[in-house]
Structures are given as structure tokens and as C-alpha cells.
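Please read the structure below before turning to the comments.
Each value in this text was obtained by applying a stated rule to the coordinates, not by laboratory testing. Everything numeric in this text was worked out from a predicted model, so none of it was measured. Here the Cβ positions follow ideal geometry from the backbone for every residue, glycine too, while neighbour counts run over all protein chains shown.
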Amino acid sequence: MPAPAVLNVGFYNFVMTEKIVALVSSESAPMRRLIQNLRKEGQLIDATQGRRTKSVIFTTGNAVILSAISQETLSKRLGTTELALGVIPAAEEELGAPLEGDEK
């Protein structure tokens, strides 16, 4: 059985790609309110490691995940075979070196 395809959402946190419904920017006021409400209700998965939230990932099963990586970068990662299959490149965000195509 092949390994499921996963997306690296930063800091060695992964989401199964077939579960992703939407990648959305967290910049708008409605998204900020939604994040606050979900955090109060305890229905939020925070994968930012304390960094600024740049994107919100909606998945099947009503899971909502916060990422410190922009939705544009996550979208690019979804399009590359290497990252979509969960292969971890040598340079990871935790080490301070941005991945190819990542923004600062």
C-alpha cells in the first residue's frame, strides 16, 4: 500500500492532501473572526509554532488548520511531487533556511 500524499504546512506538520478542501489567506477581518471563534470553541489546529498566521487550511471532517506559510506557497507545494509525497527537504523552516519557492 503506497504512503498517502501529505502536504508540509510548516515545522514538520503535515496534512493529508486528499483531505484539503481550501487554502485561504488569514488577512481578512472575517477570517480573523472565524479563527477567534474556532479557537474559543477548541476546534482549531494551530501549526504555526507561535509565528504569524498566514493561511487557513479547511479540510473534510470540519478540521481547520492554521499555518505560518502563505497559501500561495502551500499551493505551489501541492503542485510539486516531492513535497506532496511527504519527502522532507534538507532545509526546513525550523532551521531558518527557506525552502525553494517559499516567501519570507
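Points to keep in mind about this one:
- Label point of Lys76 set 7 angstrom out along Cα-Cβ; within the stretch 1-26, amide nitrogens under 15 Å from it belong to 8-10.
- Considering only the stretch 6-85, percent of DSSP beta bridges that pair antiparallel, nearest 5: 75 percent
- The value for the stretch 1-83 of Rg(Cα) / (2.2 N^0.38 Å) is 1.06.
- If R0 is taken as 25 Å, the Cβ-Cβ distance between Ala5 and Asn62 corresponds to a FRET efficiency of 0.75.
- Close amide H contacts of Asp46 (hydrogens built in the peptide plane, cut-off under 5 Å, sequence separation of 5 or more or a different chain): Leu66.
- A straight chain from Arg33 to Glu18 at 0.36 nm per residue would run longer than the Cα-Cα distance by 2.7 nm.
- For Asn13, residues with placed amide H under 5 Å, excluding near neighbours: none
- For the stretch 32-48, backbone phi angles converted through the Karplus equation (6.51, -1.76, 1.60; θ = phi - 60°) give residue-by-residue couplings of 4, 5, 4, 4, 4, 5, 5, 5, 4, 7, x, 10, 10, 10, 9, 10, 8 Hz, Gly and Pro being listed as x.
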